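Read the figures in this text as sums done on the coordinates, not as results from a lab. None of the values given here were measured: they were computed from a predicted structure. So basically every Cβ, Gly included, is an ideal-geometry build from the backbone, and we count neighbours across all protein chains shown.
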């Protein structure tokens with residue numbers, strides 16, 4: 001006799017599964033893309049930078065499953081290698097902004113005094129800056145490449161994590177179990193970092209999963225306008241940009257394929273993030 | 001003649017959880033008040049909802065639930081809608097959950113009249129106002145323009161009753177309609193329900209976990225346990241000579257005031273009081289700048305080994321007092337000393353808090369919220385031993401095992417997360433956690449009011465036991481005089497932040513000097529067959 005009666009969350013989805021069918025499809029898509037990218041050096045049929053001017057803009061064939069681009073490079077290989085750069089950027093941004101956002105959010109949510117007020121204002125200020133704009137500013141200062149946008153994106157995604165954490169902490173602070181810790185005489189840092197923070201991680205993690213999709217799209221956009229990854233390194237955003245000329249000439253695939261992959265992975269990750277936060281949100285309320 | 005409500009061999013299966021209701025049979029005749037008594041999880045709400053044709057999705061049904069001959073298990077949606085609109089109404093536990101907070105009381109009441117009865121706006125307003133007057137509300141014209149948050153819980157529950165009565169139902173279903181209310185408010189609502197039920201000759205099915213309530217309102221009673229009716233009959237028969245074991249246990253566990261069983265305080269021997277409170281006050285600033293005095297000029301002492309009950313309704317300041325004693329809040333004025341140490345009038349520093357923890361601990365009301373959901377119960381208790389008794393990991397685990405065993409949590413539960421435990425078990429763990437700091441004073445803030453009666457009785461027993469064994473001093477904050485009468489030798493009655501009466505429990509209960517204490521005593525539900533207060 002467990003307490004299902006008091007835990008309606010266990011029954012929100014009919015079979016008690018963590019994700020819906022759509023969710024599992026999204027997980028599968030994400031895993032396939034990540035695995036193909038990770039294993040690119042082993043699996044890719046060609047060197048992604050190998051220029052073969054004899055087969056320029058070739059359609060799909062047995063030699064080139066997804067065709068070739070304007071320089072005759074194998075599209076499949078470039079997409080697989082492109083995933084390595086396109087996925088690693090968002091990964092760094094999400095990891096860094098989650099850790100920093102969590103800590104700043106805890107600080108802002110747990111205290112009542114000036115620390116909280118200043119941090120809250122800083123979050124507000126950062127919210128006012130579009131991430132892309134901040135990234136361009138960073139690029140203007142530090143130059144093109146992967147590092148400047150990653151730094152800028154990390155900063156602009158911190159407030160999303162921090163604000164959420166802050167709200168959760170404020171709610172958590174007044175819960176009886178936290179007050180019980182205080183009355184029992186446990187020190188605040190131990191309670192906050194050791195006991196409260198782990199309870200927030202699932203919710204914050206769901207938000208960060210969502211962020212991953214947005215960051216990936218933003219970084220691809222930066223590469224597309226030529227500010228991110230520089231040629232010849234393959235990157236999905238850069239690939240779309242390079243294929244613009246071919247697009248005008250009626251060759252759709254070289255631009256369409258990387259765009260499709262970006263859409264596919266962003267949608268998949270958003271679906272996962274939404275479902276996770278729905279699940280966990282329901283659990284916390 | 002067909003019965004008003006007739007449930008016959010009704011079984012409700014829910015996939016994965018078995019039969020939630022098992023061959024339940026009950027009936028309510030025209031104009032009859034019937035109580036359905038059971039603890040949480042007994043299926044009493046499911047039964048009531050079944051009468052309106054509301055079944056959990058994916059459940060399998062058998063048997064029949066007939067309202068005036070209409071079987072709700074098989075009736076088409078249109079018929080059910082008609083039933084809910086015209087013939088049956090329901091009142092829920094929490095009036096605030098059942099009303100749209102952004103619309104006025106008037107909108108709420110007239111909506112159904114305009115849409116379903118085809119009344120004009122003026123006619124519906126008139127009918128709504130008459131109805132509000134009937135349920136004992138005053139200044140009804142203004143109330144029609146007010147929003148739910150402007151009304152108290154008791155007033156709002158009256159509005160909900162008015163809404164239920166607007167349809168002139170023949171069957172009124174009440175699902176714990178007074179559980180969220182104060183005793184004095186509850187008394188008024190019960191009076192109103194009794195009056196309306198008799199005046200309209202309505203059939204009423206009254207769901208409650210409280211035997212006393214059932215007895216004060218209903219002629220016949222069904223006792224439900226784990227989805228099965230274990231006993232039914234005339235209310236006085238069931239309560240005075242219960243047949244089923246479960247009913248007997250329930251009747252035994254129901255707290256009542258028995259003056260000869262009230263504990264007496266140990267003779268004062270001039271030792272220093274463990275807790276001494278002098279002129280303690282706490283004010284809050286309300287939005288808008290107004291000041292609310294939560295507690296004013298409270299003065300009392302509690303001797304080592306004593307037991308003090310602090311009784312009051314919501315807003316009396318009893319929880320504020322408890323929270324100030326454990327330093328979750330800081331007093332605005334007055335002095336508080338525990339174990340000879342005078343409390344600094346500011347938030348405590350980490351060192352002071354750790355010291356204080358060995359003097360006083362608290363057990364909160366809701367055991368579902370007061371345990372960290374992620375931490376296994378054994379570890380939660382062991383952590384306290386490590387902090388306060390300076391024990392190593394292995395020793396702390398051993399101490400935690402012993403203490404948990406002592407409060408009735410076996411070693412097989414040591415690694416369980418709180419969610420795997422029942423409410424009573426969780427409260428035992430919460431008590432163990434508090435005791436692990438080896439405090440001298442234990443504050444219990446409504447520590448049993450979220451529990452079922454039978455569980456409450458067990459937890460009270462546990463508190464009594466550890467009090468005797470460990471020589472603990474107890475401060476029990478509650479709204480329930482009966483609970484206090486069993487546990488506390490001394491009593492302190494709070495009303496709106498003021499102490500209105502204090503002294504030995506037996507004396508106060510037998511001869512209260514303040515009007516308010518008398519009102520509290522008189523508001524306790526009284527069985528229909530007992531003498532009613534004049």
FRET efficiency estimate (nearest 0.05) - Cβ-Cβ, residue B:290 to residue B:337, R0 30 angstrom: 0.45
Could you identify which residue out of A:25, A:191, A:263 has the top mean-square fluctuation in a GNM of chain A using Cα springs shorter than 10 Å? A:191
Computed [θ] at 222 nm, deg cm²/dmol, the protein assembly as shown (DSSP H ≥ 4; -39,500 (n - 2.57); rounded to nearest 500): -15000 deg cm²/dmol
Using a Gaussian network model of chain A whose springs link C-alpha atoms within less than 10 Å, name the residue from A:199, A:270, A:211 with the highest mean-square fluctuation. A:199
In the range B:307-336, which residues have a backbone nitrogen under 13 Å from the label point lying 7 Å from residue B:278's Cα in the Cα-to-Cβ direction? B:334-336
Cut-off is 10 Å between beta-carbons; in what order do A:127, B:364 appear when sorted fewest neighbours first? A:127, B:364
Rounded to 0.05, the calculated FRET efficiency for the beta carbons of residue B:96 and residue B:145 at R₀ = 25 Å is 0.85
Residues of the range B:215-229 with amide nitrogen under 16 Å from the 7 Å Cα-to-Cβ point of residue B:243? B:220-225, B:229
With a point put 7 Å past each Cα toward its Cβ, work out how far residue A:137 is from residue B:152 in nm, to one decimal. 5.5 nm
DSSP-defined beta bridges in the protein assembly as shown - what % are antiparallel, rounded to 5: 55 percent
Taking the number of other C-beta atoms within 10 Å as the exposure measure, put B:324, B:144, A:147 in order starting with the fewest. A:147, B:144, B:324
For the range A:85-189, what relative contact order do you get, as a whole percent, if you take Cα pairs closer than 8 Å and at least 6 residues apart? 38 percent
Residues B:320, B:11, sorted so that the one with the fewest Cβ neighbours within 10 Å comes first: B:11, B:320
Under a 10 Å cutoff between Cα atoms, tell me which one of A:222, A:248, A:43 has the largest fluctuation in the Gaussian network model of chain A. A:248
Once you put a point 7 Å from the Cα of residue B:256 and another 7 Å from the Cα of residue B:126, both along the Cβ direction, what distance in nm separates them? 5.0 nm
With the crude spin-label approximation of a point 7 Å out along Cα→Cβ, what separation in nm comes out for residue B:412 versus residue B:117? 5.8 nm
